[in-house]
Amino acid sequence: MLSVYEGFFSGGARILHSDVVLGLREGGQHHSVLSMHGEVHREATRQPMEEDACYRSLTAAGVEVTSLGRSFGLTGGPTAFTGPELATTARATAAADIILSLKEQPLELLNQAGLPLRPVVVCLHRSDPENQGAALDELKAAVASGTIAAAVCCAESTRDAYQAAGVPGELLHVIPNGVDLLRFQPDPYRRARLRTALGIPESAPVVVYAARYATMKNVPLFLEAAQAWLRHEPAGHVLMCGAGMTPANLALREDIQAAFGDGPQPPHRLHLLGVRSDMETVYAAGDVVALTSSSGEAAPLCLIEGMMCGAIPVATDVGDTAAIVTGHGIITPPDPEAIMSAWVDALGRKAEFAPALAHSRERFSRTRMIAAYADLLDRVHQGIGTAALPEAL
């Protein structure tokens with residue numbers, strides 16, 4: 001198997017896909033990874049491939065990771081692929097039986113003429129394909145050429161959206177996201193350790209917000225809700241983590257000032273933690289895991305990971321969030337006062353939600369997810385229930 005990434009940078013889809021690769025490798029498959037970009041500048045963060053947690057976990061497990069060496073966001077716009085880049089891609093694809101494309105963006109490379117023909121399984125992680133720009137056109141071109149053997153959708157909303165956008169329904173297979181239940185679980189030691197490090201009392205209520213700084217995440221809405229909640233709850237603390245969630249991000253500082261007004265930036269009970277590789281510790285320290293996204297989300301990993309660590313999910317209704325949260329937390333309208341009230345409600349009902357969170361662990365397990373991916377890839381390899389490939393193959 002060869003997985004093609006647009007690049008290595010902090011984000012739920014890359015974390016999820018890298019875990020899938022590791023899980024499939026544990027099951028006996030051989031995997032390698034080709035990254036189009038060697039470094040990425042996004043969310044006010046420069047992210048070299050070698051510094052990314054997913055890159056480190058893959059290579060530590062013996063997965064070969066190579067790159068075309070491109071830089072994203074540090075130079076001008078897209079350029080044509082060079083002869084050496086295509087030669088590197090040809091060697092990588094020739095050595096694979098099946099290619100996994102992490103989202104649609106790598107199809108720009110895989111659609112290039114002259115590459116060895118291999119069945120491609122594209123892994124889709126959003127609920128708004130129309131906002132993917134040229135990537136949706138690349139997906140449709142790959143479907144039309146017969147290159148796409150199957151598409152994995154991480155949510156029902158993903159399947160519905162891509163089918164509505166013109167991708168044949170028979171190609172779309174839903175495999176819900178799952179997480180490592182041994183890693184993501186309530187942990188009093190981790191909870192106490194991080195709270196002590198941040199100066200947060202054990203009795204203080206804590207809201208966790210894990211997101212990259214992007215328009216679809218609606219960070220201003222979250223900050224308005226946080227301001228209202230911190231005013232209502234004088235002992236409360238808010239943890240913000242993800243790419244761009246640092247004081248170095250000027251846009252975030254402006255959002256904080258707009259929400260909180262003049263004063264200490266950030267306020268002392270608003271903790272900007274940036275990119276973390278120990279999210280199980282961050283979630284264990286929290287009581288509520290919040291999501292305020294306005295679009296794009298399908299099956300947000302932050303909600304699942306936070307829930308499995310005992311945090312109550314409170315989210316806006318986007319993608320499959322309602323299906324994930326119902327019975328375990330609260331769905332709220334995109335209004336700061338309503339979100340603040342939902343956090344208060346969730347904290348008061350934590351004991352009520354705890355049994356449902358405990359009983360739903362198997363539904364969100366990594367083991368179930370990896371088994372489903374393995375079954376689909378076996379069927380693609382055998383040509384069962386997937387699109388026919390070009391005769392040249």
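Each reported figure results from applying straightforward, stated rules to the coordinates on display, with no laboratory input. Being a predicted model, the structure only gives us computed values, none of them experimental. Don't worry about glycine lacking a Cβ; one is built from the backbone with ideal geometry, like all the others, and counts go over all protein chains shown.
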What are the residues whose amide H is under 5 Å from the amide H of Val174, where those residues sit 5 or more places off or on another chain and H is modelled from the backbone?
Cys153
So for the pair Ala354, Ala374, with labels modelled 7 Å out along Cα→Cβ, what separation do we get in nm?
3.5
Please state the relative contact order of the chain as a whole percent: Cα pairs under 8 Å, 6+ residues apart?
17
For the chain, what does the helix formula give at 222 nm: sum of -39500 (n - 2.57) over DSSP H segments with n ≥ 4, over the residue count, nearest 500 deg cm²/dmol?
-11500 deg cm²/dmol
Of Pro168, Pro355, Pro300, which has the largest mean-square fluctuation in a 10 Å C-alpha GNM of the chain?
Pro355
Counting each pair of different Cα atoms once, what's the Kirkwood radius of region 148-222 in Å, rounded to one decimal?
16.5
Compute the FRET efficiency between Gln257 and Ser294 as 1/(1 + (r/R0)^6), taking r as their Cβ-Cβ distance and R0 = 22 Å, and round to the nearest 0.05.
0.55
Taking the 0 to 90 degree range and rounding to the nearest ten, how far is the long axis of helix 12-26 tilted relative to the main principal axis of the chain, both from C-alpha atoms?
60
How much FRET efficiency would the formula 1/(1 + (r/R0)^6) give for Glu26 and Arg46, where r is the Cβ-Cβ distance and R0 is 45 Å, rounded to 0.05?
0.90
Where Rh denotes the Kirkwood radius from the mean inverse Cα pair distance, what is Rg over Rh for region 25-89?
1.03
For region 133-174, I need the span (max minus min coordinate) of the C-alpha atoms along each principal axis, in Å, sorted largest to smallest.
25, 22, 14
For region 96-147 and region 14-91, distance of Cα centres in Å
16
Highest GNM mean-square fluctuation among Ala92, Ala214, Ala298, for the chain with Cα springs under 10 Å, belongs to Ala214
At a 10 angstrom cut-off on C-beta neighbours, averaged per residue, how do the peptides 49-55, 271-277 rank from highest to lowest?
49-55, 271-277
For region 188-364, count the residues as N, evaluate 2.2 N^0.38 Å, and divide the Cα radius of gyration by that value, please.
0.94
Taking a quarter of the surface of the Cα convex hull of the chain, what do you get in nm²?
18.5
Hey, what angle do you get for helix 250-260 against the long axis of the chain, alpha-carbon based, 0 to 90 degrees rounded to 10?
30
